[in-house]
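The next block holds one structure in the form of C-alpha cells; read it before the comments.
The numbers here are math on the coordinates, done by the rules we state, and not lab data. Please read these numbers as outputs of a predicted model, since none were measured by experiment. In this analysis, Cβ positions are derived from the backbone assuming ideal geometry, glycine residues included, and neighbour counts consider all displayed protein chains.
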Amino acid sequence: MHSSASMCQTAADTASHDVPEAERLMADVIESGDDADTQATSVAKIAALYHLNAGGQRIRSRLALDSAHCLGLTTRDGIALAATAELLHNASLIHDDPQDRDQVRRGSPTVWVAYGDEVAICAGDLLLSAAYATVACVSCTDMLPSLVKLVHSRITQAIGGQCAEFSPAPVHLFNTDVYLKIATAKSGALLGLPVELALLAGGYRGALQTTRATADSFAAGYQIYDDLCDFEIDLARDTAAPVLNIVLVLKKNNGLSIRDAWESAQKLCLMHLEAAASSTDLPRQSGRLFREMANELHARLKDKCIQ
C-alpha cells in the first residue's frame, strides 16, 4: 500500500479547514427553534450540544468537505453536507449508548448518564431532525429531493444493522459473514454517506455504487480495528449477553484461542483496509481521504501484536 505524502497532507488540510464552520452550522440549527420553545425542548438542545461539545474525530465531516472540494462544490455546500453527515452520526451515537449501556464517550459521561434515557432519546431525535435542516442549506435545490432520499436510505440501512445486532437469536452473531454485514450496515452506511452526498450534489450519481463498495471495505476495516482495540473491555462484558466483537466472534465460532482469534481479526482488518485504500475509481479523487485514512489505520495495525 502506497500513497503520496503530499496528497495525504493536501487531503488532511482541505478536510480540516472548514470543520469549525460545519460545527457552527450544527450548533446554529440545533439552537434554533420556534416561538413556542419549552423548557423540555431546551433540555434536549442542551443535551445535544453537550454531546457535540465532547469532541470527536469528525471523520464524516472531513470526508464530506474534502470530497466536495475535489468535486468543485462551493464551500457553503460542502459545509452543509459535512454538518448533515456529522449530525446523523452523532444522533446514532446518542441512541446507541443507552442500548449498550455505555457510560463514557469521548472521556465524558454519555448523554443518557448525564441527562437520563428519555432526554437522550429526544436529543438524538433532535440531531436527526437537524440533519434534514442542514441538507436543506445546499444551493443545488433541484438535487434536494434526491439528497433527502439518500439520507433516509442510509439512516434506514444503519437502523437495520443496529436492529440486527440486538437480534433475539444471538447464535447468529457468532458468524464472520453476519458480523461483516452488521458492521457495514451500521458503520458503512454513515461513513459512505458524506462522499455519496457530495457526488450526488455534484452530478455524479453513477459513482454511488463504487462509493458504497469503498465505504463498506473501509467500514469493515474501521470496525474491526476498533474491536481489536476494545476486545479486552468487551471480553469482560461478554457474560450473559454476547458482545459483537470480531475477536469474540472468531473465538466462539472457530474454537480459537484469544491470541489466534485476535491475529485472525488483524489479518481480516488489514485485508479490508487494503481494499479501501486501493480504490481509485471515484471521480476527481473524491475518495482520496478514504485512502488516506485506510493507509493510516493499516500502518498502525500492521506491526501491532496482542499483549
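Structure notes:
- Lys, Arg +1 and Asp, Glu -1 on Cβ, resulting dipole of the chain about Cα centre, debye, nearest 20: 800
- Among Asn295, Asn253, Asn245, residue whose mean-square fluctuation peaks in a GNM of the chain (springs only between Cα atoms under 10 Å): Asn253
- Farthest towards the positive end of the charge dipole of the stretch 5-302, among the residues Ser67, Thr214, Ala164, is the Cα of Thr214, using unit charges on the Cβ of Lys, Arg, Asp and Glu.
- Screening the chain for whole DSSP H helices of 30 Å or more along their axis (Cα) with average Kyte-Doolittle hydropathy at least 0.0 returns 144-165.
- Over 32 Å apart at the Cα level, from the set Lys149/Lys181; Lys45/Lys251; Lys252/Lys304, are Lys45/Lys251.
- Spin-label pair Asn175/Ile306, simplified geometry with 7 Å Cα→Cβ offset, distance in nm: 2.4
- Prolate/oblate/rounded label for the stretch 5-302 (Cα gyration tensor, a/c 1.5): oblate
- Label-point separation in nm, Thr75 to Tyr132, each point 7 Å along Cα→Cβ: 3.1
- Net lengthening on full extension, Thr156/Asp260 (0.36 nm per residue, minus Cα-Cα): 33.9 nm
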